[in-house]
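*Asks:* Handing you a structure now.
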Amino acid sequence: MPAENCAAKQPGCPARGRIGRMLFPAPLIQIAGVVDWAEAEMLLSAGCTCLGFPLRLPVNPADHSEAEAQAIIRHLPAEVLPVLICYEKTALEIDRFTSFLEVPAVQLHGAIELGELAALRRCRPDLLLIKSLIVHSGLSLPLAVHCLRRQMPYIDAFILDSYDAASGATGATGIVHDWSISRALVQESSRPVILAGGLTPANVGVAIRTVRPAGVDAHTGLEGPDGRKDPALVRAFLQAAGTAFQDLYL
C-alpha cells in the first residue's frame, strides 16, 4: 500500500474532534512519561497543559500499554494537549497509531525518511508534527542546520534532545546537551523549537533564557526514586519555566 493511503482517509477520530491542524501552543511546557491516570490528575492539578506519552520505545520500557494510554488521553480535558512520542518510521504506521490514540500531535524520534514525512503531511494535515533532532558530541552545527532545513517543509516544530552513549537512548536520558548548539538552531529554524534533555526545576530557567526556545520538555528530571513524577518537582518546574517564558515575552 502506498504511504499516502493512510488510515486517516477512512472514517476515524483524528485530532480529538478538532477540525484542521492546531497552531503550535507557544510557549509550550510538556511533561512526558505519564505513568497512569492518578499521575495525570496530579499533573493537571499542578497546571500542566501538555502531556507526552512515550510508546513503542527501542530502549526504555513503556510506562503503560497502548490501550491504557488511550484511556488516559480520552479522559483529558479538551484544553490539554496530549502528544504521542514514538519511533515509528512510516506514514502509514504513524497515522494508524495516532488515530488509535486519538491524539492531535505526534513527536517523531525515529530516523524517518523525507518521503515518509511528506506522505504523512499529505494524508494527515490535521496532525501537529514535531520532529526530534538529537544533539550529541559528534553533531556539527552545519550538519544540524542542514537536517533542520530539509525537514522544515513537512513539520510544525522541532524538539532538541540528548543522546546517551551508554544506553543508546535518544530521549528520556536525563542528560543536558550543549545549549550553544541549541541556541544556534533556534536562530536558524523557521519553525518553533522545543528544548529537552536533562531539564529540571533547577536549570530550566537558565535553559530558557539561554536558548530562547518556544517550549520545553521534561521527563526523568521530575521523577522521584520510585519512577513517578514528584508533585513538588512538577510544581517547581512549571513555576520556573513559566517565569522564564514570561521574562522572554515581556
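Any read-out appearing in this document is the output of simple, stated calculations on the displayed coordinates, not a laboratory observation. No experiment lies behind these values; they were computed from the predicted model shown. Using ideal geometry, Cβ is built from the backbone for each residue, glycine included, and neighbour counts are taken over all protein chains shown.
*Asks:* Just add up the charged neighbours of Ala32: K/R +1, D/E -1, any other residue whose Cβ is under 13 Å from the Cβ of Ala32.
*Replies:* So the surrounding residues net to -4.
*Asks:* State, as an integer percentage, the relative contact order of the chain based on alpha-carbon contacts under 8 Å between residues 6 or more apart.
*Replies:* 20 percent
*Asks:* Report the local net charge at Ser45: Lys and Arg +1, Asp and Glu -1, summed over other residues whose C-beta lies under 12 Å from its C-beta.
*Replies:* 0
*Asks:* Arranged by the count of other C-beta atoms within 10 angstrom, fewest first, what order do Met152, Met42 take?
*Replies:* With the fewest neighbours first, Met152, Met42 line up as Met152, Met42.
*Asks:* Here's another thing I want to ask about it. Would you mind pulling out the separation of the Cα centroids of region 174-250 and region 90-125, in Å?
*Replies:* Spelled out, the Cα-based centre of one part sits 25 Å from the other.
*Asks:* Additional query: Might you report the magnitude of the Cβ-based charge dipole of region 28-176 about its Cα centre, with Lys and Arg at +1 and Asp and Glu at -1, to the nearest 20 debye?
*Replies:* Taking the Cα centre of region 28-176 as origin, the dipole is about 640 debye.
*Asks:* Once every DSSP H run of n ≥ 4 in the chain is given -39500 (n - 2.57) and the sum is divided by its residues, what mean residue ellipticity at 222 nm do you get, rounded to the nearest 500 deg cm²/dmol?
*Replies:* -10500 deg cm²/dmol
*Asks:* Output the Kirkwood hydrodynamic radius of region 194-250, Cα pairs only, in Å rounded to one decimal.
*Replies:* 11.3 Å
*Asks:* Can I ask one more? Can you put His146, His219 in order, fewest other beta carbons within 10 Å first?
*Replies:* Lowest to highest Cβ neighbour count: His146, His219.
*Asks:* If you stretched the chain out fully between Ala78 and Ser65, how much longer would it get, using 0.36 nm times the residue separation minus the C-alpha to C-alpha distance?
*Replies:* The span from Ala78 to Ser65 would gain 2.4 nm if fully extended.
*Asks:* Additional query: Among the trypsin sites (Lys or Arg not before Pro) within region 87-164, which fall in a DSSP loop and have no more than 16 other Cβ atoms within 10 Å of their own Cβ?
*Replies:* Passing sites in region 87-164 are Lys89.
*Asks:* Next question, about the same structure. Residue by residue, what Karplus-based ³J(HN,Hα) values in Hz, rounded to whole numbers, does region 110-125 have, using 6.51, -1.76 and 1.60 with θ = phi - 60° and x for Gly and Pro?
*Replies:* x, 7, 7, 6, 4, x, 6, 4, 5, 5, 5, 4, 5, 8, 10, x
*Asks:* For Val216, what residues show an amide H to amide H distance below 5 Å, using hydrogens built from the backbone and excluding near sequence neighbours?
*Replies:* Leu28, Ile29, Gln30, Leu195
*Asks:* Separate question: If you wrap a convex hull around the alpha carbons of the chain, what volume per residue comes out, as a whole number of Å³?
*Replies:* For the chain, the hull spanned by Cα atoms encloses 122 Å³ per residue.
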